[in-house]
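The values are calculated or read from the model by the stated rules, or taken from the named source; none is laboratory data. Every value quoted in this text rests on a predicted model; they were computed, and no experiment measured them. Every residue, glycine among them, receives a Cβ derived from its backbone with ideal geometry; neighbour counts consider all protein chains shown.
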Amino acid sequence: MTGLPVPVPDVSVRVRLNVGACGPYAHIVAHFEPPGADGGLELLSAVPQARLPREYLPALRTGLLEGLAGVDAAVLITDGTFHEVDSCELGYRIAGAQAGRAALIGAGLLPPEEAGALRWASWPGRPSGPAAVERRGAGGR
């Protein structure tokens with residue numbers, strides 16, 4: 001396995017599958033760093049439980065592992081929210097996967113064109129342009 005080579009701060013993901021109706025909802029803001037000496041995925045949350053219940057962290061971790069695709073990283077969740085009715089494990093798994101992919105793009109481990117496939121993710125320096133807009137669709141991120 002390889003490690004994330006550079007920090008990728010302020011990756012924000014807000015999953016809203018059915019805007020205006022019930023559906024999985026998740027919101028996180030994550031700061032990605034190169035891994036510690038032990039490697040692997042280190043996940044810490046600095047978000048109060050009232051804003052992001054700990055029950056969603058295992059699903060978030062699963063999504064991050066999927067999105068990072070074997071790349072080691074230290075991840076600090078700096079913000080997040082949930083919805084009493086619409087939040088579920090699926091939403092946080094999707095959020096984790098999108099955040100992980102965004103970190104790989106932000107670190108230069110995936111081509112910038114891959115950003116267009118990340119419907120709900122944003123980060124400083126996110127590539128934009130016709131290809132990204134076309135893949136996201138008219139609904140935006």
Looking at region 1-23, which of the residues that are within 21 Å of residue 69 (Cβ to Cβ), among the hydrophobic types (A, V, I, L, M, F, W, C) and at pLDDT below 95 is nearest to the chain's Cα centre (by Cα)?
15
Could you pull out the residue among 97, 103 that is aliphatic (A, V, I, L, M), buried (at least 16 other Cβ atoms within 10 Å of the Cβ) and in contact with a strand residue (DSSP E or B) (Cβ under 8 Å, 6 or more places away or on another chain)?
103
Among the residues of region 42-56, the number that are under 19 Å from residue 10 (Cβ atoms) and either of a type in the set (Val, Ile, Thr) or not in a loop (DSSP other than H, G, I, E, B) (or both) is 5
Just name the residue that is farthest from residue 95 (Cα to Cα) out of those in region 1-23 that are aliphatic (A, V, I, L, M) and crowded, with 16+ Cβ neighbours inside 10 Å.
4
What residue, of 26, 30, 59, 73, is closer than 19 Å to residue 93 by Cβ, outside any loop (DSSP other than H, G, I, E, B) and modelled with pLDDT under 95?
26
Give me the pairs: first residue in region 61-76 and touching a residue at least 12 places away in the same chain (Cβ under 8 Å), second residue surrounded by fewer than 19 Cβ atoms within 10 Å (Cβ to Cβ) and of a type in the set (S, T, N, Q), beta-carbon distance under 8 Å, and six or more apart or on different chains, which are they?
70/2; 71/2; 72/2
Go through region 90-108 and give me each residue that's in contact with a Ser or Thr (Cβ under 8 Å, 6 or more places away or on another chain) and either assigned to a loop (DSSP other than H, G, I, E, B) or charged (D, E, K, R) (or both).
93
Conditions first: (1) within 18 Å of residue 11 (Cβ to Cβ); (2) in contact with an Asp or Glu (Cβ under 9 Å, 6 or more places away or on another chain). Residue 39 passes all but one, so which condition is the exception?
(1)
Restricted to region 37-80, and to residues that are out of contact with any strand residue (DSSP E or B) (no Cβ under 7 Å at 6 or more places or on another chain) and charged (D, E, K, R), which residue is surrounded by the most Cβ atoms within 10 Å (Cβ to Cβ)?
66
Picked from region 41-56 (must be farther than 16 Å from residue 99 by Cα and among the small types (Gly, Ala, Ser)), the residue modelled with the highest pLDDT is 46
